[in-house]
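Report on one structure; see the data block that follows.
The values are calculated or read from the model by the stated rules, or taken from the named source; none is laboratory data. Keep in mind it's a predicted model, so treat the numbers as computed, not measured. Heads up, the Cβs are rebuilt from the backbone with ideal geometry, glycines too, and the neighbour counts pull from every protein chain shown. Accessible surface is based on the protein model in full, side chains and every heavy atom, while ligands, DNA and RNA are left aside. Shrake-Rupley method; radii C 1.70, N 1.55, O 1.52, S 1.80 Å.
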Amino acid sequence: QVQLVESGGGSVQPGGSLRLSCAASGSISSITRMGWYRQAPGNQRDLVAIITNGGRTNYADSVKGRFTISRDNAKGTVSLQMNSLRPEDTGVYYCKADIVSRAYWGKGTLVTVSS
């Protein structure tokens with residue numbers, strides 16, 4: 001079992017930056033991949049970025065060069081540094097952790113990019 005709690009969401013103007021954090025508790029040593037997903041109103045939940053416990057990363061094309069995912073395996077935390085934010089980055093950001101074939105989700109944190 002893993003519990004995930006996100007923090008760091010908020011409102012920002014286009015071009016601004018935010019940093020999201022996710023803290024895992026429970027069986028953190030069993031976590032393989034961790035990542036961030038985004039769900040805009042009326043849309044499905046889409047991948048933003050993921051990172052393996054070996055540090056390999058993968059990003060959605062729309063955020064490459066603007067977002068950076070990082071992870072502390074010992075602490076069970078994953079962060080998402082978001083720069084050059086755009087209105088289309090608006091949505092609820094969810095943290096996800098994988099243990100073997102099971103996925104755990106946080107409750108999400110809202111990011112609003114608007115002038």
On the basis of being under 14 Å from the mean Cα position of the chain (by Cα) and in a loop (DSSP other than H, G, I, E, B), does residue 107 make the cut?
yes
Can you pull out the residues in the stretch 50-88 that are part of a loop (DSSP other than H, G, I, E, B), of a type outside the set (Lys, Arg) and either open to solvent by 50 Å² or more (accessible area, probe 1.4 Å) or free of Cβ contacts under 8 Å to residues at least 24 places away in the same chain (or both)?
52, 53, 54, 55, 60, 65, 73, 74, 83, 84
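Considering only residues that are in a strand (DSSP E or B) and within 12 Å of residue 95 (Cβ to Cβ), which ones fall in the stretch 26-40?
Narrowing the stretch 26-40 to residues in a strand (DSSP E or B): 26, 34-39.
If the condition is that a residue be in a strand (DSSP E or B) and within 12 Å of residue 95 (Cβ to Cβ), then 34, 35, 36, 37, 38 are the ones that fit.
Is it fair to say residue 43 is open to solvent by 20 Å² or more (accessible area, probe 1.4 Å) and assigned to a loop (DSSP other than H, G, I, E, B)? Steps first, answer last, please.
Numbers: open to solvent by 20 Å² or more (accessible area, probe 1.4 Å): yes; assigned to a loop (DSSP other than H, G, I, E, B): yes.
When the stated conditions are applied, residue 43 passes them.
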Pair list, Cβ under 6 Å, 6 or more apart: the stretch 94-115 residue farther than 16 Å from residue 26 by Cα and open to solvent by less than 30 Å² (accessible area, probe 1.4 Å), other residue of a type in the set (S, T, N, Q) and not in a strand (DSSP E or B)
113/90
Identify all residues within the stretch 29-88 that are closer than 19 Å to residue 7 by Cβ and hydroxyl-bearing (Ser, Thr, Tyr); write none if there are none.
37, 68, 70, 77, 79
Number of the exception - residue 17 against (1) over 21 Å from residue 115 (Cβ atoms); (2) over 12 Å from the mean Cα position of the chain (by Cα); (3) at pLDDT 95 or above:
(1)
What are the residue pairs meeting all of these: first residue in the stretch 19-48, first residue free of Cβ contacts under 8 Å to residues at least 60 places away in the same chain, second residue open to solvent by less than 50 Å² (accessible area, probe 1.4 Å) and of a type in the set (S, T, N, Q), Cβ atoms under 7 Å, and 6 or more apart or on different chains?
21/77; 21/79; 23/77; 40/90
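When only residues in the stretch 4-14 that are surrounded by 15 or more Cβ atoms within 10 Å (Cβ to Cβ) and of a type outside the set (D, E, K, R) count, which is farthest from the chain's Cα centre (by Cα)?
12
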